[in-house]
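What follows is a short report on a single structure.
The values are calculated or read from the model by the stated rules, or taken from the named source; none is laboratory data. If you're wondering where the values come from, they're calculated on a predicted model, not measured in any experiment. No Cβ is skipped: glycine too gets one built from the backbone with ideal geometry, and neighbour counts run over all protein chains shown.
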Amino acid sequence: MQILVIEDEPKVAGALKQGLESEHYVVSLASTGEEGFFLANNQTFDLVILDLMLPGRDGIEILQALRARGASTPVLILTARDAVDARVHGLDSGADDYLLKPFAFPELTARIRALLRRGRTDQILRLKAADLDMDLVTRTVTRAGKLIELSPREFELLEYLLRHANQHVSRESLARDVWKETARATPIDNVIDVHMTRLRKKVDQEFPARLIHTVRGVGFVLREDTR
(Lines give C-alpha, C1' and ligand atoms only; values in the text may rest on other atoms or scores of the structure.)
Protein backbone atom coordinates (compact mmCIF):
# COMPACT_ATOMS: atom_id res chain seq x y z
CA MET A 1 0.00 0.00 0.00
CA GLN A 2 1.19 3.48 -0.90
CA ILE A 3 1.50 6.20 1.76
CA LEU A 4 2.36 9.85 1.15
CA VAL A 5 4.05 11.62 4.07
CA ILE A 6 4.00 15.43 3.89
CA GLU A 7 6.37 16.54 6.63
CA ASP A 8 9.00 19.31 6.62
CA GLU A 9 11.09 18.13 9.59
CA PRO A 10 13.79 15.88 8.06
CA LYS A 11 14.29 13.76 11.18
CA VAL A 12 10.57 13.14 11.62
CA ALA A 13 10.09 12.41 7.92
CA GLY A 14 13.07 10.05 7.86
CA ALA A 15 11.89 8.20 10.94
CA LEU A 16 8.39 7.84 9.51
CA LYS A 17 9.70 6.52 6.20
CA GLN A 18 12.02 4.01 7.87
CA GLY A 19 9.39 2.83 10.33
CA LEU A 20 6.59 2.52 7.79
CA GLU A 21 8.79 0.73 5.26
CA SER A 22 9.72 -1.76 7.98
CA GLU A 23 5.96 -2.45 8.15
CA HIS A 24 6.02 -3.13 4.38
CA TYR A 25 4.33 0.10 3.28
CA VAL A 26 5.62 1.95 0.22
CA VAL A 27 6.37 5.52 1.32
CA SER A 28 6.78 8.75 -0.65
CA LEU A 29 8.01 11.92 1.07
CA ALA A 30 7.24 15.58 0.45
CA SER A 31 8.86 18.35 2.49
CA THR A 32 6.70 21.31 1.40
CA GLY A 33 3.01 21.91 0.97
CA GLU A 34 3.38 22.54 -2.75
CA GLU A 35 5.32 19.31 -3.33
CA GLY A 36 2.84 17.31 -1.27
CA PHE A 37 -0.15 18.75 -3.08
CA PHE A 38 1.46 18.01 -6.45
CA LEU A 39 2.16 14.37 -5.52
CA ALA A 40 -1.28 13.84 -4.03
CA ASN A 41 -2.88 15.12 -7.23
CA ASN A 42 -0.69 13.22 -9.67
CA GLN A 43 -0.20 9.85 -8.01
CA THR A 44 -2.47 7.31 -6.34
CA PHE A 45 -2.03 6.82 -2.60
CA ASP A 46 -3.92 4.73 -0.08
CA LEU A 47 -3.26 7.19 2.75
CA VAL A 48 -1.80 10.66 3.30
CA ILE A 49 -0.01 11.60 6.53
CA LEU A 50 -0.10 15.38 6.69
CA ASP A 51 1.75 17.76 8.99
CA LEU A 52 -0.16 20.99 9.63
CA MET A 53 2.84 23.32 9.98
CA LEU A 54 4.45 23.39 6.54
CA PRO A 55 6.43 26.01 4.63
CA GLY A 56 4.39 27.74 1.95
CA ARG A 57 0.97 26.14 1.70
CA ASP A 58 0.03 24.75 5.14
CA GLY A 59 -1.65 21.46 5.90
CA ILE A 60 -5.18 22.83 6.20
CA GLU A 61 -4.90 24.52 2.79
CA ILE A 62 -3.70 21.26 1.22
CA LEU A 63 -6.46 19.27 2.87
CA GLN A 64 -9.21 21.68 1.82
CA ALA A 65 -7.89 21.79 -1.76
CA LEU A 66 -7.76 17.99 -1.99
CA ARG A 67 -11.31 17.62 -0.71
CA ALA A 68 -12.52 20.40 -3.03
CA ARG A 69 -11.15 18.37 -5.94
CA GLY A 70 -13.11 15.34 -4.79
CA ALA A 71 -10.18 13.34 -3.40
CA SER A 72 -11.40 10.72 -0.92
CA THR A 73 -7.99 9.40 0.15
CA PRO A 74 -7.85 8.98 3.95
CA VAL A 75 -5.83 11.78 5.59
CA LEU A 76 -4.17 11.49 8.99
CA ILE A 77 -3.05 14.84 10.40
CA LEU A 78 0.07 15.19 12.52
CA THR A 79 0.03 18.28 14.70
CA ALA A 80 1.80 19.81 17.66
CA ARG A 81 -1.26 21.98 18.28
CA ASP A 82 -3.00 20.55 21.31
CA ALA A 83 -5.86 23.07 21.30
CA VAL A 84 -9.27 21.52 20.79
CA ASP A 85 -10.33 24.14 18.23
CA ALA A 86 -7.26 23.33 16.07
CA ARG A 87 -8.14 19.63 16.03
CA VAL A 88 -11.79 20.37 15.30
CA HIS A 89 -10.77 22.67 12.46
CA GLY A 90 -8.65 19.91 10.94
CA LEU A 91 -11.45 17.36 11.13
CA ASP A 92 -13.99 19.83 9.76
CA SER A 93 -11.63 20.55 6.86
CA GLY A 94 -11.75 16.93 5.78
CA ALA A 95 -9.22 15.03 7.89
CA ASP A 96 -10.11 11.47 8.86
CA ASP A 97 -8.02 11.36 12.03
CA TYR A 98 -5.29 13.27 13.85
CA LEU A 99 -2.31 12.43 16.04
CA LEU A 100 -0.54 14.78 18.40
CA LYS A 101 3.24 15.15 18.31
CA PRO A 102 5.18 13.56 19.89
CA PHE A 103 3.48 10.22 19.33
CA ALA A 104 4.24 6.55 19.83
CA PHE A 105 4.90 4.73 16.56
CA PRO A 106 2.65 1.74 17.46
CA GLU A 107 -0.25 4.15 17.90
CA LEU A 108 0.45 5.65 14.48
CA THR A 109 0.44 2.24 12.78
CA ALA A 110 -2.76 1.25 14.61
CA ARG A 111 -4.50 4.41 13.35
CA ILE A 112 -3.18 3.76 9.84
CA ARG A 113 -4.62 0.24 9.86
CA ALA A 114 -7.97 1.55 11.07
CA LEU A 115 -8.10 4.21 8.34
CA LEU A 116 -7.13 1.73 5.63
CA ARG A 117 -9.84 -0.68 6.71
CA ARG A 118 -12.36 2.14 6.70
CA GLY A 119 -11.21 3.68 3.42
CA ARG A 120 -10.86 0.49 1.34
CA THR A 121 -14.10 -1.37 2.04
CA ASP A 122 -14.70 -1.75 -1.70
CA GLN A 123 -11.24 -3.09 -2.44
CA ILE A 124 -9.39 -6.34 -1.84
CA LEU A 125 -7.81 -6.39 1.61
CA ARG A 126 -6.54 -9.98 1.59
CA LEU A 127 -4.83 -12.12 -1.02
CA LYS A 128 -4.89 -15.91 -0.79
CA ALA A 129 -3.51 -18.94 -2.59
CA ALA A 130 -3.99 -22.40 -1.09
CA ASP A 131 -2.97 -22.05 2.58
CA LEU A 132 -0.99 -18.83 1.95
CA ASP A 133 -2.69 -15.68 3.24
CA MET A 134 -1.60 -12.04 2.87
CA ASP A 135 -3.33 -9.30 4.86
CA LEU A 136 -2.79 -5.99 3.06
CA VAL A 137 -3.91 -3.90 6.03
CA THR A 138 -1.77 -5.43 8.77
CA ARG A 139 0.97 -6.24 6.23
CA THR A 140 1.32 -9.79 7.50
CA VAL A 141 1.76 -13.09 5.66
CA THR A 142 0.90 -16.52 7.02
CA ARG A 143 0.99 -20.01 5.59
CA ALA A 144 -1.01 -22.75 7.28
CA GLY A 145 -1.42 -20.30 10.15
CA LYS A 146 2.34 -19.80 10.57
CA LEU A 147 3.65 -16.23 10.37
CA ILE A 148 6.21 -15.66 7.60
CA GLU A 149 8.64 -12.78 8.17
CA LEU A 150 9.38 -10.93 4.93
CA SER A 151 11.50 -7.94 4.02
CA PRO A 152 9.66 -5.00 2.39
CA ARG A 153 10.90 -6.05 -1.06
CA GLU A 154 9.95 -9.68 -0.50
CA PHE A 155 6.47 -8.55 0.58
CA GLU A 156 6.06 -6.47 -2.61
CA LEU A 157 7.30 -9.38 -4.71
CA LEU A 158 4.91 -11.87 -3.12
CA GLU A 159 2.02 -9.41 -3.40
CA TYR A 160 2.69 -9.08 -7.13
CA LEU A 161 2.78 -12.85 -7.56
CA LEU A 162 -0.46 -13.27 -5.61
CA ARG A 163 -2.20 -10.59 -7.66
CA HIS A 164 -1.12 -12.49 -10.76
CA ALA A 165 -1.69 -16.01 -9.40
CA ASN A 166 -1.71 -18.74 -12.05
CA GLN A 167 -0.23 -16.31 -14.57
CA HIS A 168 3.31 -16.39 -15.92
CA VAL A 169 5.25 -13.37 -14.64
CA SER A 170 8.39 -12.30 -16.49
CA ARG A 171 11.51 -10.76 -14.98
CA GLU A 172 10.87 -7.72 -17.15
CA SER A 173 7.46 -7.16 -15.55
CA LEU A 174 8.94 -7.59 -12.06
CA ALA A 175 11.68 -5.07 -12.86
CA ARG A 176 9.08 -2.60 -14.13
CA ASP A 177 6.29 -3.06 -11.59
CA VAL A 178 8.07 -4.09 -8.38
CA TRP A 179 11.52 -2.53 -8.70
CA LYS A 180 10.20 0.46 -10.73
CA GLU A 181 13.15 0.15 -13.09
CA THR A 182 11.89 1.44 -16.42
CA ALA A 183 14.97 3.13 -17.89
CA ARG A 184 17.82 0.97 -16.64
CA ALA A 185 20.48 0.21 -19.24
CA THR A 186 21.41 -3.17 -17.75
CA PRO A 187 18.89 -5.82 -16.63
CA ILE A 188 18.47 -6.69 -12.96
CA ASP A 189 17.72 -10.37 -13.53
CA ASN A 190 20.32 -11.49 -10.98
CA VAL A 191 18.85 -9.19 -8.32
CA ILE A 192 15.37 -10.52 -9.02
CA ASP A 193 16.57 -14.14 -8.88
CA VAL A 194 18.30 -13.59 -5.52
CA HIS A 195 15.15 -12.12 -4.00
CA MET A 196 13.00 -14.86 -5.53
CA THR A 197 15.27 -17.55 -4.06
CA ARG A 198 14.96 -16.02 -0.60
CA LEU A 199 11.20 -15.67 -0.96
CA ARG A 200 10.76 -19.26 -2.09
CA LYS A 201 12.71 -20.54 0.91
CA LYS A 202 10.44 -18.64 3.28
CA VAL A 203 7.18 -19.51 1.52
CA ASP A 204 7.83 -23.09 0.38
CA GLN A 205 10.75 -24.69 2.20
CA GLU A 206 8.90 -25.91 5.32
CA PHE A 207 5.69 -26.92 3.54
CA PRO A 208 4.84 -30.05 1.52
CA ALA A 209 3.34 -28.23 -1.47
CA ARG A 210 5.30 -25.70 -3.49
CA LEU A 211 3.58 -22.49 -4.55
CA ILE A 212 6.28 -20.49 -6.37
CA HIS A 213 7.58 -22.10 -9.55
CA THR A 214 10.16 -21.15 -12.15
CA VAL A 215 8.95 -21.25 -15.75
CA ARG A 216 11.97 -21.90 -17.94
CA GLY A 217 12.53 -19.17 -20.50
CA VAL A 218 9.61 -17.13 -19.15
CA GLY A 219 9.92 -16.23 -15.49
CA PHE A 220 7.79 -17.38 -12.55
CA VAL A 221 4.30 -18.40 -11.57
CA LEU A 222 2.52 -18.72 -8.24
CA ARG A 223 0.15 -21.69 -8.27
CA GLU A 224 -0.64 -24.79 -6.28
CA ASP A 225 1.65 -27.70 -7.12
CA THR A 226 -0.71 -30.32 -8.50
CA ARG A 227 1.90 -33.02 -8.85
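Tabulated data for the structure shown
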read-out: Conditions (1) surrounded by fewer than 15 Cβ atoms within 10 Å (Cβ to Cβ); (2) at pLDDT 90 or above; number of the one not met by Arg111; value: (1)
read-out: Pair list, Cβ under 6 Å, 6 or more apart: the range 157-168 residue more than 12 Å from Leu199 (Cβ to Cβ) and free of Cβ contacts under 8 Å to residues at least 60 places away in the same chain, other residue charged (D, E, K, R) and surrounded by 15 or more Cβ atoms within 10 Å (Cβ to Cβ); value: Asn166/Arg223
read-out: Strands (runs of 3 or more DSSP E) enclosed by the range 1-106 - at least 1 residues per element that are under 16 Å from the mean Cα position of the chain (by Cα) and aliphatic (A, V, I, L, M); value: 2-6, 26-30, 47-51, 75-79
read-out: Filtered residues of the range 44-85 (kept if at positive phi and surrounded by 17 or more Cβ atoms within 10 Å (Cβ to Cβ)); value: none
